[in-house]
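The values are calculated or read from the model by the stated rules, or taken from the named source; none is laboratory data. Being a predicted model, the structure only gives us computed values, none of them experimental. Backbone-built Cβ (ideal geometry, glycine too); neighbour counts: all protein chains shown. In case anyone asks, the SASA skips ligands and DNA or RNA and just uses the protein heavy atoms, side chains included. Shrake-Rupley method; radii C 1.70, N 1.55, O 1.52, S 1.80 Å.
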Amino acid sequence: MSYNLTSFIYLDRYRNEGTRTYSDQSGYTEALPHFRHNSGQPDFKLDLFSLPREKMNVYAANPPSAIQNRYLEGDKVMFAVHPQIRESGFTDPYTQRALALGTLGSPILVSPSSSTRTLYVRDLDHPHALKVHFPFRISRYGRKMRDEVVAQAIAISMELETGIDAFDPDFAIMREVLGITHPDLEPGSGRGENWGFLVRDLTPFPLLSGQKDNSEMIPGFALYGKDFFDPQKPELLFELIGEANPVTFVLDHIMLPVVRQWIACYLNFGFMLEPHGQNLILETDRDGKILRTVHRDLSLGIDMRRRRDLNLLSEHLNTYNRMEDGRFASITYDKFMGHHFFDQIIACLNTRFSGLKQDLFSGPCREEFQRLFADHARYLPEQVQYFSKTRDQFGKPFYEDTGQKPVYRP
């Protein structure tokens with residue numbers, strides 16, 4: 001089956017207006033205007049450098065042959081460098097290494113996604129995107145693609161692909177299928193700053209059988225976001241609801257499935273999905289019927305306590321994003337999903353159906369959470385956690401206890 005990627009890319013880039021309100025830093029970007037998703041510029045050229053494969057790290061998780069053949073050419077790899085790195089004069093040992101070792105190949109046309117550093121490849125021999133190194137601040141911190149981040153995303157994608165039967169049929173992922181990075185030039189210096197990029201397969205996995213071509217994908221924020229070019233367009237959420245009961249529709253087709261999927265991923269793998277409006281995608285048929293939920297960006301937190309309880313092997317996972325407490329689980333569930341996504345859906349609904357109180361939605365979510373995850377108090381904190389304004393030496397925010405009670409779980 002195929003997907004209407006033209007529509008999906010438009011929604012991802014231009015049905016995002018007014019949605020970056022979940023924190024006081026969410027709208028900040030150091031991306032140059034012509035590289036932003038809402039620039040109005042349809043695409044730009046991305047440089048690919050041909051580098052010796054033996055001098056690079058390559059990670060793979062069942063890439064389609066068209067993707068593998070494009071970025072792995074015999075004893076060479078094609079290595080992507082975002083043009084802002086070169087335009088801004090930004091330099092580091094790995095940029096210099098790419099320029100010194102590499103031969104500039106033919107550039108490819110790409111369009112920026114809502115996350116800026118993830119780029120849709122316009123020459124779609126196989127639909128895919130590149131998540132590239134972007135050492136400039138967006139929202140809270142710079143968007144580097146360090147080696148351990150790339151390797152971990154590939155490992156998690158492979159584990160979820162292998163264990164996909166642990167989920168209901170309404171769950172899907174966008175697989176991270178290939179990663180290419182520089183080797184660490186200073187292995188004894190602590191955290192490796194060697195970087196590279198990921199290749200993301202845009203075809204949701206597993207494939208749906210029996211569906212007609214040109215199914216649609218709708219990013220979560222596009223349900224309630226305004227159109228960049230036409231702010232008067234009605235929200236897509238109301239088109240999907242149609243004549244249905246808004247509370248029942250949203251619970252049955254959006255909120256409760258996501259609650260179940262977060263729990264299934266955590267309980268079966270110890271992985272913490274981040275289902276906010278950018279990472280969560282609704283897959284629909286051509287008539288607008290929601291078929292399933294697709295999760296993208298698999299650089300997930302890992303609760304090692306849960307994995308030990310499950311006796312899951314973790315040798316294939318490196319040290320990146322390993323957790324030994326439930327603070328980040330609260331951030332992903334209570335804040336990313338609950339506050340950043342569910343609350344925005346409720347606010348949108350109330351612009352047309354006034355008086356829909358939060359508990360109409362949060363109550364059923366709490367009940368479902370308790371039914372599926374009765375042992376939750378063993379793993380998750382009693383109060384909501386979030387990012388602190390203080391940061392570590394690498395610019396990453398610490399966590400803090402907000403003192404608030406969870407809304408969408410007991």
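Of note:
- The stretch between residue 388 and residue 402, if pulled fully straight at 0.36 nm per residue, gains 4.1 nm over its current Cα-Cα span.
- Surface exposure of the chain, expressed per residue as accessible area with a 1.4 Å probe, stands at 42 Å².
- Length gained on full extension, residue 75 to residue 34, computed as 0.36 nm times the residue gap minus the Cα-Cα distance: 11.3 nm.
- Reach of residue 289 by Cα under 21 Å, taken over lysines that are not fewer than 8 positions away in the same chain: 212, 233
- Proximal aspartates and glutamates relative to residue 76, as straight alpha-carbon distance under 20 Å, when same-chain residues fewer than 8 apart are discounted: 47, 54, 125, 147, 184
- Within the chain: Cβ-based charge dipole about Cα centre, in debye rounded to nearest 20 (Lys, Arg +1; Asp, Glu -1): 680
- Rg/Rg_ref, the stretch 40-110, where Rg_ref = 2.2 N^0.38 Å and atoms are Cα: 1.18
- Restricting the stretch 198-302 to GluC sites (Glu not before Pro) that sit in a DSSP loop and have at most 16 other Cβ atoms within 10 Å of their own Cβ leaves 243.
- Long-range HN-HN contacts of residue 399 with modeled amide H, under 5 Å: 388
- Listed by chain and number, the lysines whose alpha-carbon sits under 19 Å from that of residue 389, ignoring those within fewer than 8 places in the same chain, are 335.
- Modelled label positions at residue 325 and residue 312, each set 7 Å beyond Cα in the direction of Cβ, lie 2.2 nm from each other.
- Label positions at residue 228 and residue 375, each projected 7 Å from the Cα along the C-beta direction, are separated by 4.7 nm.
- The 3J(HN,Hα) values that the Karplus relation (6.51, -1.76, 1.60; θ = phi - 60°) gives for the stretch 183-194 are, in residue order, x, 6, 7, 9, x, x, 9, x, 5, x, 9, 5 Hz. Gly and Pro appear as x.
- HN-Hα J in Hz across the stretch 289-297 - Karplus 6.51, -1.76, 1.60, θ = phi - 60°, x for Gly and Pro: 6, 6, 9, 6, 10, 10, 10, 10, 6
- Positive-end residue of 326, 279, 257, charge dipole of the stretch 238-327 with Cβ unit charges: 326
- Model label points for residue 50 and residue 353, set 7 angstrom from Cα along the Cα-to-Cβ axis, are 5.8 nm apart.
- Summing Cβ point charges (Lys, Arg +1; Asp, Glu -1) relative to the Cα centre of the stretch 156-290 gives a dipole of roughly 100 debye.
- Phi angles of the stretch 308-315 translate, via the Karplus equation with coefficients 6.51, -1.76, 1.60 and θ = phi - 60°, into HN-Hα couplings of 5, 4, 8, 6, 7, 5, 10, 5 Hz per residue; Gly and Pro are given as x.
- Sulfur and carbon atoms: percent of accessible area, the chain [1.4 Å]: 49
- Amide H within-cut-off set for residue 301, under 5 Å, with H built and near neighbours excluded: 272
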